[in-house]
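FYI, it's all coordinate maths here, none of it is from the lab. It should be emphasised that the depicted structure is a prediction, and the values quoted were computed from it without experimental measurement. Note that each Cβ is placed from the backbone with ideal geometry, even for glycine, and that neighbours are counted across all protein chains shown.
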Amino acid sequence: MTAEEIVRYVVSRAVWAPSVHNTQPWRFTADGGSQISLYADAARRLAVADPDGREMMISCGAALFTIRLALRSLGYIPETRILPDPAQPDLVAQVSWYERAAADEFERQLSGHVLTRRTHRGAFDPEPLPPDTLAALRTAAAREGAALRIVADDGRRATLATAVQTAEYQLRRDGERLRELARWTPAPGSAHCDGVPVTSYPARAEHTQPFFPGRDFARGHGWGMPPLSPATSHRAAGVALLLTTTADRPADWVHAGQALQRILLTASVCGAAMALHSQPLELPWLREFLRTQLGDGAYPHLVLRIGLVTQVAVTVRRDPGAVLFPTGDDRAGRTLG
Ligand SMILES: Cc1cc2nc3c(=O)[nH]c(=O)nc-3n(C[C@H](O)[C@H](O)[C@H](O)COP(=O)(O)O)c2cc1C
């Protein structure tokens, strides 16, 4: 493959990373050599929900992990520099590749799930996870400089669910936040290639004990997918988890994002699905509460749930060509599509 082909392949994979509200807050530049630069697209930051850009950087971190994995799947050893230029805070990372080493079996498996992994929204089947799944997820987080805390104790799990409920209750009453959410929640039949499409969330919440409410993507329109399973069947909340880092600088957010994508892909390889809840992390007082009460002082970034379920969600992405530019091309600084 030529350097140009490698870059195009890598970006075509990276765009499938998860991002908050599917904002896809990234763009990529390459100069024809063995290096790709990943920039945060600040025009796609959630100005109200994410004033510091933490969720934007987590999203870019997830794209960065996907770049590294794509290079590994081609048999290259990625060399990564995170936030390499203090004068360019939007330059999230530069990744180059010179040395070669064949991908191992697990890297190949992770790579095989990049295009098919989907965020789950709702309850899970009651069956237990395959053995060793949680241990694999914890290892995944640690390998990327983050930690995954399993919130197993009933009391702590209820506290976590209450935090998500409290946040969701508050967010649904905040007009500014609702207007921002509306920008990223297109109506059925929309041709948008970003945002959260109606094909990716359930029309009705599935109640579980304890209850971790999802975001109100439908905003009262009744949009969403009909339930797959009869309402009478037993549905579970899944295993609740908290993703944390020991510090809270932009570099830690990028690490959290890399950990997130490694965790999500590992879960997918294990045959499990994951639900993401960032509602309580968008309210500073609740984030601080989770840090002190459930995070042992480490900084929380996401509440996650994992379980088994049949997934039917369909999501969307922008074309890789809309986010990849030659180095120095001034369109790289503008938001397209
Ligand atoms: C930082 C971050 C926060 C997220 N928060 C939520 C959330 O609160 N609720 C939710 O349903 N999905 C959440 N997501 C998942 C995104 O909505 C999802 O990645 C995006 O819509 C693309 O869909 P996909 O993951 O199925 O490819 C979050 C993702 C990231 C990276």
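Identify the residue in the range 283-326 that is among the charged types (D, E, K, R) and touching a strand residue (DSSP E or B) at 6+ places or on another chain (Cβ under 7 Å) and, among all such residues, is farthest from the ligand (Cβ to nearest atom). Spell out how you get there, then give the answer.
Step one: filter the range 283-326 for residues among the charged types (D, E, K, R), giving 287-288, 291, 296, 305, 317-319.
Retained after the next criterion (residues that are touching a strand residue (DSSP E or B) at 6+ places or on another chain (Cβ under 7 Å)): 287, 291, 305.
Working: Arg287: 13, Arg291: 17, Arg305: 10 Å.
This residue is Arg291.
Here's a check for you: in the range 164-201, which residue that is hydrophobic (A, V, I, L, M, F, W, C) and assigned to a helix (DSSP H, G or I) is surrounded by the fewest Cβ atoms within 10 Å (Cβ to Cβ)? If you could, list the steps in order and put the result at the bottom.
We begin by selecting, within the range 164-201, every residue hydrophobic (A, V, I, L, M, F, W, C); these are 164, 167, 171, 178, 181-182, 184, 187, 191, 193, 196, 198.
From the residues that got through so far, the ones that are assigned to a helix (DSSP H, G or I) too are 164, 167, 171, 178, 181-182, 198.
Values: Val164: 24, Ala167: 24, Leu171: 18, Leu178: 16, Leu181: 22, Ala182: 13, Val198: 20.
Restricting to residues being hydrophobic (A, V, I, L, M, F, W, C) and assigned to a helix (DSSP H, G or I), the top hit is Ala182.
If a residue must be free of Cβ contacts under 8 Å to residues at least 40 places away in the same chain and more than 16 Å from the chain's Cα centre (by Cα), how many such residues does the range 36-51 contain?
Looking only at that region, the number is 1.
Considering only residues that are within 7 Å of the ligand (Cβ to nearest atom) and either over 16 Å from the mean Cα position of the chain (by Cα) or in a strand (DSSP E or B) (or both), look in the range 270-282 and name the one that is farthest from Glu127 (Cα to Cα).
His277
Select from the range 101-138 the residues that are in contact with a Leu (Cβ under 7 Å, 6 or more places away or on another chain), of a type in the set (Lys, Arg) and either without any contact (Cβ under 8 Å) to a residue 24 or more places away in the chain or not in a loop (DSSP other than H, G, I, E, B) (or both) and list them in ascending order.
Arg138
Checking Tyr39 against (1) within 28 Å of Glu180 (Cα to Cα); (2) within 16 Å of the ligand (Cβ to nearest atom), only one condition comes out false. Which one?
(2)
Quick test of your reading of the structure: Ala267 fulfils all but one of (1) surrounded by fewer than 19 Cβ atoms within 10 Å (Cβ to Cβ); (2) of a type in the set (Gly, Ala, Ser); (3) in contact (Cβ under 8 Å) with a residue 60 or more places away in the chain; (4) in a helix (DSSP H, G or I). Name the failing condition by number.
Answer for Ala267: the failing condition is (1).
In the range 15-35, what residues are more than 9 Å from the ligand (Cβ to nearest atom) and either surrounded by fewer than 22 Cβ atoms within 10 Å (Cβ to Cβ) or in contact (Cβ under 8 Å) with a residue 60 or more places away in the chain (or both)?
Within the range 15-35, the first condition is being more than 9 Å from the ligand (Cβ to nearest atom), and the residues that meet it are 15, 25-35.
Val15, Trp26, Arg27, Phe28, Thr29, Ala30, Asp31, Gly32, Gly33, Ser34, Gln35 - these are the residues of the range 15-35 that are more than 9 Å from the ligand (Cβ to nearest atom) and either surrounded by fewer than 22 Cβ atoms within 10 Å (Cβ to Cβ) or in contact (Cβ under 8 Å) with a residue 60 or more places away in the chain (or both).
Tell me which residues, restricted to the range 143-185, are free of Cβ contacts under 8 Å to residues at least 12 places away in the same chain and within 25 Å of Thr244 (Cα to Cα).
Asp153, Asp154, Gly155, Tyr169
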